[in-house]
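Input: a single structure, listed below in structure tokens.
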């Protein structure tokens, strides 16, 4: 099981710690869900990178948030260069 712990102290008027409070939260289910999502994203990225064509996705502002490897190989851009521009800007900076 996976737990997250948080603690805080309470001081009296003289500044002495008189009480401690601790919160222990079970995050096991959340951790499993995050791991499953990460694995699913990795699988999808692997599949998309093996298709013989360029593929990308963009945010509402037109900036790219994903470029497949074929796209990067074709343009000669790095992932960072390719995602650092928007469609309305006319291309990479």
Anyone know which of 61, 35, 12 comes out most mobile in the 10 Å Cα GNM of the chain? 12
Considering the values [x] 17.5; [y] 14.4; [z] 16.3, which represents Kirkwood radius over Cα pairs in Å as calculated for the structure under consideration? [x]
Quote the relative contact order of the chain in percent (integer), defining contacts as alpha-carbon pairs under 8 Å separated by 6+ residues. 17 percent
Separation of the residue 35 and residue 74 label points, Cα + 7 Å toward Cβ, nm: 3.8 nm
Cut-off is 10 Å between beta-carbons; in what order do 71, 21 appear when sorted fewest neighbours first? 21, 71
Long-range alpha-carbon pairs in the stretch 9-50, meaning those over 11 Å apart, account in percent for 74 percent
Distance in nm between residue 26 and residue 10 label points, each 7 Å along Cα→Cβ, equals 2.7 nm
Can you give me the angle between helix 28-50 and the longest principal axis of the chain, using Cα atoms only, in degrees from 0 to 90, rounded to the nearest 10? 10 degrees
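Read the figures in this text as sums done on the coordinates, not as results from a lab. Everything numeric here is computed off the predicted structure, so don't read it as measured data. Positions of Cβ are generated from backbone atoms using ideal geometry, with glycine treated the same way; all protein chains shown enter the neighbour counts.
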